[in-house]
Amino acid sequence: MKFTLHEIQSIIGGKIVGNGNTYITGIAGVEAAKEGDIIFVRNDSIVPQALTSRAAAVVIHREIPQLKKPHIVLENPLLSFIKLLEIVAQKQYMRPPGIHPTAIISKEALVGEGVSAGAHVIVEDGVTIGNHVVIYPNTFIGRGSRIGDNSVIYTNVSIRENTIIGKRVIIHCNSVIGDDGFGYLQVEKKHVKIPQVGIVEIGDDVEIGSMVTICRAALDKTIVGNGVKIDNHSHIAHNVVIGDNTMLIAYAKIAGSAKIGKDVLIAEDVGITDHASIGDGCKIGGGSNVYKSLEAGSVVWGSPAKPITEEKRIQVLIKKLPELYNTIKRLAKSSPYS
């Protein structure tokens, strides 16, 4: 990257103090900064480090008279940091428009303007790809699927038939969207497969990590709402509904037909049983197993998941068990009935 401080200020806003023509060639943390870097200081605790940093310029939450380096002053340096990183990431990682010669795009597919499709991409009949979509190599998009404008599909993603993907969606490497749900009926001790003929529908501004599976519904839809963020290695089973702006951290496992509300936080390695209903705004602590529905606003932890204050008391008692055990042994030995 190479920007002047004026150019950065045009992206993130704020007020420049000092030389706006200073060239910036990198972004760094305060401790790792070198000459040419810009750093972001969001509170007073980091100011002493900023004063001695080798960075060329600083983005900071208030004007500091002792700071001799050029700096941009604005209210929320962290948000500005994100804005600048978005621009840098686009320059570094986004592919130019164009279809690679080895890509196989059906003549019956509708492809928008400015689409990029990498080597060995396969797009089947009836697919609709919006404008400025980026599809990395070795990706499969099954017939009848739709991908909204400005979405990015990374390498080795499989998008099965009739999947609907909204605008500005990001899907990371090796994820599978729309595979069959795990549905079987036991007949005479044999597992008879229930055909999965529903679809997956993903809203706008969703990000899906690597190695994620989202299964198509047996009937109707598996739904992922707008603004949902799903971390790596998570599993969303058939007919699950996830509300807007919910976040699932790594290894989350949502069983079939569960309903997850809006603005829910599901921490790492959480399991949620089938047909459970999780109310809006719930928070589920890491490693929990949820075996029943939760009311809106619940904060739970543990296996089985329970109100977090109760689980914390239980954890304290568990730590005291060896001491309690030794006390009981000692009392038993001194008892006249032993």
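Could you tell me the distance between the Cα centroids of the stretch 110-178 and the stretch 260-298, to the nearest Å? Here the answer is 30 Å between Cα centres. Helical content of the chain, expressed as a calculated mean residue ellipticity at 222 nm, amounts to -5500 deg cm²/dmol (DSSP H runs of 4 or more residues, -39,500 (n - 2.57) each, divided by residue number, nearest 500).
Could you give the Stokes-Einstein D for the stretch 14-55 in µm² per second, using the C-alpha Kirkwood radius, 4 °C, 1.567 mPa s? Rounded, D is 118 µm²/s. Return the percentage of antiparallel bridges among DSSP beta bridges fully within the stretch 131-197, rounded to the nearest 5 %. In the stretch 131-197, DSSP labels about 30 percent of beta bridges as antiparallel. Surface calculation, 1.4 Å probe, protein heavy atoms: PHE140 sits at approximately 60 Å² accessible. Membrane-span-like helices in the chain (whole DSSP H runs, Cα extent of at least 15 Å along the helix axis, mean Kyte-Doolittle hydropathy of at least -1.0): 77-93, 308-334. Note on the stretch 1-132: Cα-Cα pairs beyond 18 Å make up 59% of the total pair count.
Aspartates and glutamates within cross-link reach of LYS320: Cα-Cα under 15 Å, excluding same-chain residues under 8 positions apart? The reachable aspartates and glutamates, counting only those whose Cα sits under 15 Å from LYS320, are GLU311. By the rule of a C-alpha distance below 22 Å, with chain neighbours fewer than 8 residues away ignored, the lysines paired with LYS319 are LYS306, LYS329.
Multiplying the residue separation of GLU108 and THR25 by 0.36 nm and removing their Cα-Cα distance gives an extension gain of 25.4 nm. Computed from label points 7 Å out along Cα-Cβ, the spacing between LEU265 and LEU317 is 2.7 nm.
Here the relative contact order of the chain, from alpha carbon pairs under 8 Å that lie six or more residues apart, stands at 6 percent.
Shown is the FRET efficiency for ASN289 and LYS83, computed with R0 = 35 Å from the Cβ-Cβ distance and rounded to the nearest 0.05: 0.35. Rolling a 1.4 Å probe across all protein chains gives SER288 an accessible area of roughly 0 Å². Among ARG160, ARG62, the sequence by solvent-accessible area, most first, with a 1.4 Å probe is ARG62, ARG160. Tell me, what % of the accessible area of the chain is carbon and sulfur with a 1.4 angstrom probe? For the chain, the apolar C and S fraction of the accessible surface comes to 55 percent. Structure note, pairs LYS229/LYS253; LYS107/LYS221; LYS91/LYS229: Cα-Cα distances above 21 angstrom occur for LYS107/LYS221; LYS91/LYS229.
The values are calculated or read from the model by the stated rules, or taken from the named source; none is laboratory data. Because the structure is a prediction, the values reported are computed rather than measured. Cβ sites come from the backbone with ideal geometry, for glycine too, and all protein chains shown count toward neighbours. Quick note on the areas: whole protein, heavy atoms, side chains included, nothing else; ligands and nucleic acids left out. Shrake-Rupley method; radii C 1.70, N 1.55, O 1.52, S 1.80 Å.
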